[in-house]
1. Using only the alpha-carbon atoms, how far is helix B:40-52 inclined from the longest principal axis of chain B? Give it as 0 to 90 degrees, nearest 10.
2. Ordering A:202, B:203 by how much accessible area each has at a 1.4 Å probe, largest first, what is the list?
3. Using a Förster radius of 35 Å, what is the FRET efficiency between residue A:301 and residue B:203 based on their Cβ-Cβ separation? Nearest 0.05, please.
4. As a test question: what accessible area, to the nearest 10 Å², does residue A:274 have when a 1.4 Å probe is rolled over all protein chains in place?
5. With θ taken as phi - 60° and the coefficients 6.51, -1.76 and 1.60, list the Karplus ³J(HN,Hα) couplings across region A:309-320 in order, rounded to whole Hz; mark glycine and proline as x.
6. Taking a temperature of 37 °C and a viscosity of 0.692 mPa s, what whole-number D in µm²/s does Stokes-Einstein yield for region B:87-184 with Rh from Kirkwood over alpha carbon pairs?
7. Scan around residue A:327 for amide H atoms under 5 Å from its own, H built in the peptide plane at 1.01 Å from N, and keep only partners 5 or more places away or cross-chain.
8. Counting only DSSP beta bridges with both residues in chain B, tell me the antiparallel percent, nearest 5.
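The values are calculated or read from the model by the stated rules, or taken from the named source; none is laboratory data. No experiment lies behind these values; they were computed from the predicted model shown. Using ideal geometry, Cβ is built from the backbone for each residue, glycine included, and neighbour counts are taken over all protein chains shown. What goes into the accessible areas is simple: the full protein's heavy atoms, side chains included, and nothing from ligands, DNA or RNA. Shrake-Rupley method; radii C 1.70, N 1.55, O 1.52, S 1.80 Å.
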Amino acid sequence: MLQSLHIRLYRQFKDFKLDNLKQVNLIVGKNTVGKSSLLETIRILLDTNKIEVLNDILILRDEHHGNPEQFIRSLLPAWIDMKGLLELLDISGNNKSNNFRTLAKYDSLEKRIFFNKENSDQDNPDYSRLNDFIRNRDIRRNRWSYDYTYRYMGIVSNTYNYYQNLWKDKRFSGDDKLAIELLQKILPELEEIDFTYTAVAKLKGINKQIPLGSLGEGFKRLFNLALEMVYARDNVLLIDEFEVGLHHSIQEQIWDATLMMAKELNVQLFVTTHSQDCIYGFARALNKRDDIDGQAIRLEAHEGKIHALAMDKELLFTIAETQTEVR
Amino acid sequence: MENREHLLLVEGNSEKHVLYTICEKYEIPEVFDVEVAGNNEKARSKFIAEIAGSKYKKVGVVLDNELDQHVWDSFSTGLTRYAEFYEEPFPSSPLGEALIIRSNRKNLTYDDFGIWMMPDNHSKGTLENFLIQMKTGHDLLLDFSEKTLVALEEQKPRIHLYKPVHRNKALVHTYLAWQENPGSPYGLAFKQGAFDLNHHNVKALADWLHRLFADEPAA
């Protein structure tokens with residue numbers, strides 16, 4: 001489990017620390033304060049394919065540039081003077097099992113980018129690979145072609161076809177009951193998902209199979225959530241904007257199922273949201289469980305610095321009960 | 001009137017109207033909303049939540065001092081989670097001065113907060129005890145109100161309906177029933193002279209509001 005995070009000079013973050021990370025971390029705050037950037041730093045920290053993940057981050061943000069300098073500049077705070085700065089990106093975290101420490105350095109003099117893990121070769125330049133990425137559109141488009149050491153759910157849902165391909169890899173076996181249970185929060189009659197041809201759902205008492213595509217965006221989002229939880233077993237799942245496509249009235253139920261899966265599958269969650277109902281739903285679901293700890297973290301910008309304000313389980317419940325605005 | 005920068009929480013509507021009257025008299029800047037929580041427990045919960053809440057910066061609460069030590073302890077423990085953001089430690093007992101805790105993160109959500117315990121941050125009591133202290137030269141009227149309640153309570157069989165916890169409320173309303181304008185609500189009765197707005201404890205409350213919300217003592 002990732003226990004702490006220290007970010008220097010990444011987008012909005014000059015020098016930012018998060019201690020006491022919990023198993024479930026809900027990140028709130030105003031637009032542009034850095035919620036998505038925070039998820040990005042965790043990706044950079046946990047990903048073993050450094051260049052691919054930076055590339056992916058820029059594609060998701062529509063920030064991709066044609067040259068290496070612009071590529072890296074996009075990831076740095078706007079006020080940074082590139083010249084003469086040797087160490088620009090520095091994200092480190094304390095991981096109980098692995099003792100992660102990842103450094104990304106940019107050497108402006110030699111135009112080289114280093115992506116090293118502690119104890120590995122500090123001087124291993126990866127610039128040529130970066131160049132390949134920036135110049136090769138085919139590789140750039142192929143976002144999901146490499147293996148994650150964590151899972152990431154962006155704002156745009158993955159297609160059923162994407163998961164159908166994963167299913168064929170037999171990476172879904174054993175845990176499907178948990179996933180079905182989560183999906184039943186939105187579709188109680190659901191009995192089974194069949195991926196043999198097109199993705200279809202079998203419903204209780206109905207003899208006909210229904211294409212998943214006909215069940216709407218909310219179901220698709222939940223389907224993404226359920227399967228990503230399964231794939232994130234014993235690892236980290238990052239979710240940008242939990243509430244996308246989901247009705248406000250079912251947030252608590254979905255959190256019930258999400259927490260159940262996080263516990264059963266030992267998944268650490270980092271989730272952003274703009275939704276008050278999502279926060280309250282999370283707070284109420286969390287309050288029902290003694291076996292999993294969680295918190296909300298609000299990011300606030302003040303005088304050019306990002307502050308993190310943590311709200312513990314008990315406080316979150318009080319916040320939900322008193323309908324207090326905390327976004 | 002909604003959506004001011006700061007928030008003052010009170011237990012009930014009576015407190016709200018008394019506070020409005022005091023604010024008017026002492027020209028306290030209108031920089032805070034007043035929210036009625038409903039009761040003491042709800043006011044304490046809402047207070048703890050609103051310190052973390054993003055809608056308001058500073059938060060004040062006016063509570064009846066009816067808390068047992070264990071209730072205060074749990075309230076105080078609820079506040080201790082914020083300790084790293086504040087310059088002073090939280091008091092282990094509700095008795096003493098009106099409380100203002102200054103934040104080391106000004107202008108962030110965890111801004112200053114304050115607690116006023118009715119009637120005077122020292123004695124046990126409620127809004128009614130606060131009001132009874134400020135009777136304006138009507139000592140005889142208040143004494144007679146008190147005697148009337150005693151006489152009422154001696155009636156056998158019992159004819160009064162109020163519970164013992166509400167005795168002070170019965171006393172204040174009895175006192176207000178015999179004013180020049182009988183039966184005015186508390187806030188209005190203040191304005192009509194049934195209570196003394198220049199009483200030192202009213203000044204102390206006004207001063208607390210000024211220092212908390214306007215960062216300066218009352219004029």
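1. For helix B:40-52, the angle is close to 20 degrees.
2. Most to least solvent-accessible, the answer reads B:203, A:202.
3. It comes to 0.30.
4. Approximately 60 Å² for this residue.
5. Per-residue couplings from phi come out as 10, 8, 10, 6, 3, 5, 4, 4, 5, 4, 4, 5 Hz.
6. Details: Rh = 16.4 Å.
The calculation lands on 200 µm²/s.
7. Placed amide hydrogens put B:54 under 5 Å from residue A:327.
8. Percentage antiparallel, nearest 5: 30.
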